[in-house]
Amino acid sequence: MSDYFDDLETRSEDERISSLAECLPAQIAAAKALPGYAKTLGGVDPDAFAWREALVDLPVLRKADLTSAQAAHPPFGGYTAWQGAQFDQIFQSPGPIYEPASVSTNWWRMGRFLYACGIGEGDIVQNCFGYHLTPAGMIFENGARAVGATVLPAGTGQTELQARAAHDIGVTAYAGTPDYLKVILDKAEEMGLDLSRITRAAVSGGALFPSLRQEYADRGISCLQCYATADLGNIAYESPAMEGMIVDEGVVVEIVRPGTGDPVPDGEVGEVVVTTLNKDYPLIRFATGDLSAVLPGISPCGRTNMRIKGWMGRADQTTKIKGMFVRPEQVADLVARHPEVLKARVIAGREGEMDTMTVQLETEATDPGAYADSIAAVLKLKGKVDLVAPGSLPNDGKVIDDQRSYD
């Protein structure tokens, strides 16, 4: 393998600026022609946006905008020239938000990250991202195909079968949330199975804590992480240098003050706003709701694009637990389903290297089990239920409390 996925990763700053001067106005022109952007981009001159800094004059597009537009004009709200039947796949994420997809090579640009992980031809990747409704499984499978690797589409759960398959097939790499690989490895040890052929891990969808990364290193596994979303695909990724995350060549990233579209100085924490250069689905200044900051300089690995610190939390209370987003509106929906519940609070915690979720409900009810089905249906996760007396939850407006340490 060469050191880089393609020549774009090592371009000079002048080459990158020159390329952006051509493709960014073209992308804005393509978006302007779509019904979804009629109000926000209708009066703009695409040629005025030939560099990243000029994007500040365009409005930010938020997930709530997509949700309401898709509800009025299904399935994609007028944000793509294609209709649903013209895409290869359609996915649903919480909201709900529907994402279009194509099986064309590296459509989500995940190949660049997997290549940086050292995954390529001859590898068998056990893909433990979900394949049900949400696109994570297919995002990583699409990337694996881009680097010539074979995929075991394992999905989530059935850990004993996963361990057996990894051993029998000779899996060499893992893709999934950071903590689930440990679950598989521990189960394999319990079953007396040797999984030492797994030497690389490509993870996302949750925090990769230093202690967990070190545990993998002690087992001979190099574990790198990327920052990706269902809407945008790969945004930024680690290289073997492990000094921040390198922004992917197919997106333009800004860091703005949360709740605004105003850029913050480099190094200051703000909300990640992304403009994708994917002409099939042009998202212009799409607000992720995630926090990060720009790192100075370029990566020691030789990749020259801007670096960010990676995922540093949420600009709102939305929190990712066990690889799934939990949003304030979902907590409100849970309360609305049960008239006897006055308030609710979701607490994200950790036990060892695993995420935990506790749902506190203010109610005079006495049977926690009565709420298990509703919690699983609304939050898409299972967790502990604590019933607390009315008036006992803090009056601070917080409905999701992330108590995990990210040090």
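The values are calculated or read from the model by the stated rules, or taken from the named source; none is laboratory data. It should be emphasised that the depicted structure is a prediction, and the values quoted were computed from it without experimental measurement. Here the Cβ positions follow ideal geometry from the backbone for every residue, glycine too, while neighbour counts run over all protein chains shown.
Things worth noting here:
- Residue within segment 38-47 that is in contact with a helix residue (DSSP H, G or I) (Cβ under 8 Å, 6 or more places away or on another chain) and either exposed (fewer than 13 other Cβ atoms within 10 Å of the Cβ) or on the phi > 0 side of the Ramachandran plot (or both) present: yes
- Selection within segment 274-321: residues that are at positive phi and under 17 Å from the mean Cα position of the chain (by Cα). The member of this set that is modelled with the lowest pLDDT is GLY313.
- Counting only strands (runs of 3 or more DSSP E) that sit completely within segment 337-407, those holding 2 or more residues that are of a type in the set (A, V, I, L, M) and over 29 Å from the mean Cα position of the chain (by Cα) correspond to 384-388.
- If the condition is being crowded, with 22+ Cβ neighbours inside 10 Å and more than 30 Å from ALA64 (Cβ to Cβ), then segment 217-237 contributes CYS223, LEU224.
- Among residues of segment 331-357, those that are surrounded by 20 or more Cβ atoms within 10 Å (Cβ to Cβ) and touching a helix residue (DSSP H, G or I) at 6+ places or on another chain (Cβ under 7 Å), counted: 3
- Against the list (1) without any contact (Cβ under 8 Å) to a residue 24 or more places away in the chain; (2) of a type outside the set (Phe, Trp, Tyr); (3) in a helix (DSSP H, G or I), the condition LEU185 fails is (1).
- Number of positions in segment 85-111 that are closer than 30 Å to PRO240 by Cβ and without any contact (Cβ under 8 Å) to a residue 60 or more places away in the chain: 5
- Some residue of segment 36-50 being within 26 Å of the chain's Cα centre (by Cα) and acidic (Asp, Glu): no
- Being more than 30 Å from GLY302 (Cβ to Cβ) and either surrounded by 15 or more Cβ atoms within 10 Å (Cβ to Cβ) or modelled with pLDDT of 95 or more (or both) is a condition met by no residue of segment 18-27.
- Scanning segment 188-212 for residues that are of a type in the set (Gly, Ala, Ser) and assigned to a loop (DSSP other than H, G, I, E, B), we see that the one that is farthest from the chain's Cα centre (by Cα) is GLY192.
- When segment 2-17 is filtered for residues that are surrounded by fewer than 11 Cβ atoms within 10 Å (Cβ to Cβ) and closer than 21 Å to ALA149 by Cβ, only SER2 remains.
- Taking segment 186-199 as the range and being surrounded by fewer than 21 Cβ atoms within 10 Å (Cβ to Cβ) and in contact with a strand residue (DSSP E or B) (Cβ under 7 Å, 6 or more places away or on another chain) as the test, only THR199 passes.
- Complete set of residues in segment 88-113 that are assigned to a loop (DSSP other than H, G, I, E, B) and either in contact with a Leu (Cβ under 6 Å, 6 or more places away or on another chain) or not aliphatic (A, V, I, L, M) (or both): ASP88, PRO94, GLY95, PRO96, SER102, SER104, THR105, ASN106, TRP107, TRP108, ARG109
- In this structure, VAL326 does satisfy being closer than 28 Å to ILE184 by Cβ, in contact (Cβ under 8 Å) with a residue 40 or more places away in the chain, crowded, with 19+ Cβ neighbours inside 10 Å and in contact with a Lys or Arg (Cβ under 9 Å, 6 or more places away or on another chain).
- Restricting LEU61, LEU133, LEU114 to those that are modelled with pLDDT under 95, of a type in the set (A, V, I, L, M, F, W, C) and in contact with a strand residue (DSSP E or B) (Cβ under 6 Å, 6 or more places away or on another chain) reduces the list to LEU133.
- Failed criterion for LEU114 (all others in (1) in contact (Cβ under 8 Å) with a residue 60 or more places away in the chain; (2) among the aliphatic types (A, V, I, L, M); (3) surrounded by fewer than 17 Cβ atoms within 10 Å (Cβ to Cβ) hold): (3)
- Test: residue in segment 114-126 that is in a loop (DSSP other than H, G, I, E, B) and either over 30 Å from LEU8 (Cα atoms) or of a type in the set (Lys, Arg) (or both): no
Conditions tested, residue by residue: (1) surrounded by fewer than 21 Cβ atoms within 10 Å (Cβ to Cβ); (2) touching a Leu at 6+ places or on another chain (Cβ under 6 Å); (3) free of Cβ contacts under 8 Å to residues at least 24 places away in the same chain.
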residue: ASN278; (1), (2), (3): yes, no, no
residue: VAL294; (1), (2), (3): no, no, no
residue: CYS301; (1), (2), (3): yes, no, no
residue: THR304; (1), (2), (3): yes, no, no
residue: GLY313; (1), (2), (3): yes, yes, no
